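The values are calculated or read from the model by the stated rules, or taken from the named source; none is laboratory data. Here the structure is a predicted model, which is why all the values come from computation and not from measurement. A quick note on method: Cβ atoms are made from the backbone with ideal geometry, for glycine too, and the neighbour counts reach across all protein chains shown.
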Amino acid sequence: MTADTSRPLPTITLDSAEYWASTRAHATKMQRCTRCAAFRFYPTPICGECGSTDFTWELISGRGTVYSFSVVHRSAGPAFETGTPTILVLVTLEEGPTMMADLIDCPPDEVSIGLTVQMDYRDLTDKITLPVFRR
Ligand SMILES: [Zn+2]
């Protein structure tokens, strides 16, 4: 028996389809509530701030700061064994939401809380492009 080394991929849902289409286009959009103007992430049908179901998809800047991070030395499975150590970051975007992604092209000893980062993209398949961050 051989290990499955294919990387698990996000599931595109009705709520997240626009988000994944935007990352695929390397121009990330997030939902913005039309009642209270709050951006939200991950995609949901209801605003977590005010409960409204009305929203638009708006392009975000991709700029943010590292809220927290973890340097991962042990992979989560065969699909992730190449490339360790990796840096997993929680980034608070200028628009407000905090999201998790990989920080790329950064030595582990140079990441810090408060580090300014910019979103970039990692094309995985013809449908899935993951957002990543770089300094
Ligand atoms: Zn709202």
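See the values below:
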read-out	value
Pair list, Cβ under 7 Å, 6 or more apart: segment 85-107 residue of a type outside the set (Val, Ile, Thr), other residue at pLDDT below 95 and part of a loop (DSSP other than H, G, I, E, B)	Pro85/His73
Positions within segment 95-135 being closer than 21 Å to Glu18 by Cα, outside any strand (DSSP E or B) and within 14 Å of the chain's Cα centre (by Cα), in sequence order	Glu95, Gly96, Pro97, Leu124, Ile128
Any hit, segment 68-82, residues being farther than 30 Å from Ser6 by Cβ and in contact with a Lys or Arg (Cβ under 8 Å, 6 or more places away or on another chain)	no
Selection from segment 42-64 of residues that are within 21 Å of Thr92 (Cβ to Cβ) and either surrounded by fewer than 18 Cβ atoms within 10 Å (Cβ to Cβ) or modelled with pLDDT under 95 (or both)	Tyr42, Thr44, Gly48, Glu49, Cys50, Trp57, Glu58, Leu59, Ser61, Arg63
Residues of segment 10-46 classified as more than 16 Å from the ligand (Cβ to nearest atom) and over 13 Å from the mean Cα position of the chain (by Cα), total	8
Unmet criterion (only one of (1) in contact (Cβ under 8 Å) with a residue 60 or more places away in the chain; (2) surrounded by fewer than 18 Cβ atoms within 10 Å (Cβ to Cβ)) for Met30	(2)
Filter pass, Pro85 being touching a helix residue (DSSP H, G or I) at 6+ places or on another chain (Cβ under 9 Å) and either at pLDDT below 95 or acidic (Asp, Glu) (or both)	yes
Test result for Val132, within 19 Å of Leu9 (Cα to Cα) and in contact (Cβ under 8 Å) with a residue 12 or more places away in the chain	yes
Members of segment 47-84 that are within 16 Å of the ligand (Cβ to nearest atom) and out of contact with any Phe, Trp or Tyr (no Cβ under 9 Å at 6 or more places or on another chain)	Gly48, Glu49, Cys50, Gly51, Ser52, Thr53, Asp54, Phe55, Thr56
Check on Thr23, surrounded by 13 or more Cβ atoms within 10 Å (Cβ to Cβ), in contact with a helix residue (DSSP H, G or I) (Cβ under 6 Å, 6 or more places away or on another chain), closer than 27 Å to Thr82 by Cβ and of a type in the set (Val, Ile, Thr)	no
